[in-house]
Amino acid sequence: MAASREDLYFRLNVFPIDLVPLRERAEDIRCSRFTLLRGATKKLKTGELRLTEGDARRLSQYAWPGNVRELQNVIERATILARKRPRPQSTCRIPAARLRPADARMPPPANRRS
């Protein structure tokens, strides 16, 4: 099985696609959060939810070591937590402890090219 993974890697590596990390595209977070929140509420059938201004600010200031998938996971988690509240509200909260500011020290991204 390891040989087939290695073969797949080399087949896919013929045409590498470099994407700018989400942490370097803060303007994309604004548009993406609305789309991802709408998708999460539809998937989880929670009814319409919105993010607070504080949540939007935390999302924009976060140092996103991952990419859009991580943003999607954070929003989906907040949607799940909003659904489990004793009294449902129209907002979902992004826990501040889960997001660190963008100026926090991060290790440099690994160079994937050899």
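A few notes on this one:
- Every pair of residues 6+ apart whose Cβ atoms lie under 6 Å, when the first sits in the range 15-44 and is modelled with pLDDT of 90 or more while the second is surrounded by 13 or more Cβ atoms within 10 Å (Cβ to Cβ) and not in a helix (DSSP H, G or I): Thr41/Leu49
- Pick from the range 26-47, criterion hydroxyl-bearing (Ser, Thr, Tyr) and part of a helix (DSSP H, G or I), ranking: most open to solvent (accessible area, probe 1.4 Å): Thr35
- Of all positions in the range 48-63, at least one carries a residue that is hydroxyl-bearing (Ser, Thr, Tyr), more than 14 Å from Arg93 (Cα to Cα) and open to solvent by less than 70 Å² (accessible area, probe 1.4 Å).
- Of the residues making up the range 7-26, those that are more than 14 Å from Tyr62 (Cβ to Cβ) and among the charged types (D, E, K, R) are Asp7, Arg11, Asp18.
- The residue that is modelled with the lowest pLDDT, counting only those in the range 81-103 that are open to solvent by 50 Å² or more (accessible area, probe 1.4 Å) and among the aliphatic types (A, V, I, L, M), is Ala102.
The values are calculated or read from the model by the stated rules, or taken from the named source; none is laboratory data. In this text, all values refer to a predicted model and were calculated from it rather than measured experimentally. Cβ coordinates were reconstructed from backbone atoms using ideal geometry, including for glycine residues, and neighbour counts include every protein chain displayed. Keep in mind that these areas ignore ligands, DNA and RNA; they rest on the heavy atoms of the full protein, side chains included. Shrake-Rupley method; radii C 1.70, N 1.55, O 1.52, S 1.80 Å.
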